[in-house]
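See structure below.
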Amino acid sequence: MALTVTHLQAVERAVRTGAPHEILSTVRDALIEHFEAIEVDLLVADYSSTVLQLVTALPHTAQPLAVQTSPEGRAFISQEPYGKYIAQDGTVELHLPVTVRGDRIGILTVRLPEHRCTSRAVDEMTGIAELLGHEILVAERDTDLYLQARRSQRLTLAAEMQCQLLPARSCARQEYAIGGQLEPAYDIHGDNFDWATTADTLTLTITNGMGEGIHASLLTNLAVNALRNARRAGIGIADQAALADQALYAQYQGAQYVSTLLLFFEIATGRVQVVDAGSPQLWRQRDRTVERVVFEAQQPLGMFDETLYEAQEFQVLRGDRLVFVSDGVYGAKSGAGEAYEERALARAIQAVSFLPAAAVPRAVLEELRAYRDADPDDDALVVCLDWFGRSSAQSH
């Protein structure tokens, strides 16, 4: 019997009323009842989005699957259901993206009889996978089960603090799509990114704090939360920078500071206000041209007392791709001592033009790893923003 709207509502109700750690078992029971599922598993992407790890009661008890080489990874990258026929017993293994508003969480794998794997059933199970993603994000407030599966090894305390600051790895709506990646996720040096949206605006910040380990994490936590506090008060980005600057200076008296790039997008017009307070860089791909966008540099946050900041403006056009990188990316050296930004960065951005925004940071960081050919001595952060703009029909 196919899943009806009534059944779907029943699944949703059961998931939302069940215990946070029992969400997967509730979904598994529903798929067994309505689709004759034989096996149901949930795999979540680790913090670097390089492997998918099975959600189990005890973390790290199953072999992780490589995103680049597994059928599950194919579904994760393409964000499309992918089925694999199992000839021995006539069943199909179906891999369904678990994604929430562009944030790629993982894959729901369902093994079921071939005759039950109809196009309608795939659509219905895809909806259940999306529901599962929403409920995981809510459940993470009350259980560590899903967060534990995201890490391929134990995090340091500094990394734990830094990862909790990140908004998500990606998000998407009609007017834009964003993907972000921080690496290494297990040895923190203070890099971070943040974003927030309203119906008509998008605020994006890229931060790069001093130091390493717990000291860098504490500094970045203060900076990011000071910026969030000012942003949520409804003030402009120049004043957001000024208030965060005061908070940092009051704590560190200029001995520690945070380089920051703040951007405020008007979604209807593509007009962007920018405060460039330090080292993060912006590169733009427009048509086939990749170039760095340079702004008037201002003082990093917390370097001096009561610094005044001014917002500059530029225009983003439909089809533009903006790529933000920290100094751990553009300043990384090759074996011959050449900085990544001198020749290789623009080529790397050009080479991943065909990828969606959510996949770009990982691809650029993989190019960087091959270029560097050595263990990193700094965080490497990449954020990609694809700008689709707002049509006149959307504006009304």
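The values are calculated or read from the model by the stated rules, or taken from the named source; none is laboratory data. This structure is a prediction, so every number in the text was calculated from the model and none was measured. Don't worry about glycine lacking a Cβ; one is built from the backbone with ideal geometry, like all the others, and counts go over all protein chains shown. Only protein heavy atoms, including side chains, enter the accessible area calculation; ligands, DNA and RNA are left aside. Shrake-Rupley method; radii C 1.70, N 1.55, O 1.52, S 1.80 Å.
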- Task: Taking L202 as the residue in question, decide whether it is at pLDDT 90 or above, among the aliphatic types (A, V, I, L, M) and outside any helix (DSSP H, G or I).
- Result: yes
- What's the number of the condition T109 fails, among (1) closer than 16 Å to R151 by Cβ; (2) among the polar types (S, T, N, Q); (3) open to solvent by less than 30 Å² (accessible area, probe 1.4 Å)? (1)
- Task: For the stretch 31-43, indicate whether the set of residues that are under 20 Å from the mean Cα position of the chain (by Cα) and either on the phi < 0 side of the Ramachandran plot or of a type in the set (S, T, N, Q) (or both) is non-empty.
- Result: yes
- Note on the structure: Scanning the stretch 108-147 residue by residue, those touching a residue at least 60 places away in the same chain (Cβ under 8 Å) and among the small types (G, A, S) turn out to be A121, G127, A139
- Item | Within the stretch 236-266, tally of residues that are surrounded by fewer than 23 Cβ atoms within 10 Å (Cβ to Cβ) and among the acidic types (D, E) | 2
- Where in the stretch 38-146 are there strands (runs of 3 or more DSSP E), lying fully within it, with 2 or more residues that are modelled with pLDDT under 90 and closer than 24 Å to C163 by Cβ? none
- Query: With the stretch 267-373 as the region, which strands (runs of 3 or more DSSP E) entirely inside it contain at least 1 residues that are open to solvent by less than 40 Å² (accessible area, probe 1.4 Å) and over 29 Å from D245 (Cβ atoms)?
  - Reply: 281-286, 289-293, 321-325
- Looking only at residues in the stretch 92-123 that are touching a Ser or Thr at 6+ places or on another chain (Cβ under 9 Å) and among the acidic types (D, E), which one is nearest to P361 (Cα to Cα)? D103
- Message: Can you tell me which residue is farthest from V274 (Cα to Cα) among those in the stretch 189-202 that are of a type outside the set (D, E) and open to solvent by 10 Å² or more (accessible area, probe 1.4 Å)?
- Response: H189
- Message: Test of understanding: among A216, A230, which residue is part of a helix (DSSP H, G or I), open to solvent by less than 60 Å² (accessible area, probe 1.4 Å), of a type outside the set (S, T, Y) and touching a helix residue (DSSP H, G or I) at 6+ places or on another chain (Cβ under 6 Å)?
- Response: A230
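Residue-wise test of (1) surrounded by fewer than 18 Cβ atoms within 10 Å (Cβ to Cβ); (2) hydrophobic (A, V, I, L, M, F, W, C); (3) over 20 Å from the mean Cα position of the chain (by Cα); (4) more than 30 Å from K84 (Cα to Cα).
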site: C117; (1), (2), (3), (4): no, yes, yes, no
site: E140; (1), (2), (3), (4): yes, no, no, yes
site: M161; (1), (2), (3), (4): yes, yes, no, yes
site: E175; (1), (2), (3), (4): no, no, no, yes
- Message: Quick check on my filter: what residues within the stretch 42-65 are within 25 Å of N192 (Cα to Cα) and open to solvent by 40 Å² or more (accessible area, probe 1.4 Å)?
- Response: T50
